[in-house]
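Remarks on the structure that follows.
Rule-based calculations on the coordinates, nothing more; no lab input. Just so we're clear, the structure is a prediction, and the values are computed from it rather than from any experiment.
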Amino acid sequence: MAHAAAIACLDDPFPPRDAMNPARPLLSCSAATALSGPLLCLVRRSSRRIAWATLAQSSLCLLALTMASTSCLVTSTPDFTPPKRTRPFLVTASADPDPRKIQILDGPPGAAITYDFSADVVSEDQGAQVLGRLFIDYGRSNMGGQPFNQVVKVKRPLDPGTMGDPKPRRIEAKGTLPYLLANGCHTATLMVSHQFTDGDCPTCLNDSSQISWPVYRCNSLESPASCLPDFSDPLCADLAPGCSAVAEPDSGVECGASP
């Protein structure tokens, strides 16, 4: 019986240790307790199995609570609304030449007048190109009743872009004016829009922006002093409002912007 009790205690996963020699297991079921040893070992193993089961259940509960506290509940599919189209904005600080300086166009009568005006454009285009026009004396009616003296289309429109474009897009009006300009004060106005009418005005002023440069036409071959701007010239004072398109705060949709 003592031998059987000792064997029963050897399969205990956590046998007690000898206090004097912790490396040597101490059999609780000795020969002196031959009758009570097996029963005591069974009770001990049963209590430890219960303890292991309780620990396992506690661990599972803790894991479930941790997952529940760190997880996200998605109750519906997010609705991503595409950004609305904006007017194209010409960045004045990027304008070349500096719009705060008078541009002198010097040459004899009849000579071709070249021009080169440019600026960066920022816009949300929603698939529409950005078009450009260069107006000479914008706001001053010509013989045909249009609110400018001359107009030249920008040869290279800008491809559609977004407000998040990493690099600025630059629009450039460059070429030779097809008509002669009288000596004196003029203006050169670069305008951009997503759409222009057949009369070269923007379909909606709220879908446009512009930068103007003061220009002075002269002929230094006649007199060097002729290229000193004379602001008493009537041409410098009779500029009037330009295109009469509607410019209301809520007219963006009518100009083709997304609703």
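Report the relative contact order of the range 88-183, percent, no decimals, based on alpha-carbon pairs under 8 angstrom and at least 6 residues apart. Relative contact order here is 34 percent.
Of all lysines in the structure, the ones whose alpha carbon falls short of 23 Å from that of Lys84, not counting any fewer than 8 places away in one chain, are Lys167.
Counting only lysines at least 8 places from Lys174 when in the same chain, those with an alpha carbon closer than 16 Å to its own are Lys153, Lys155.
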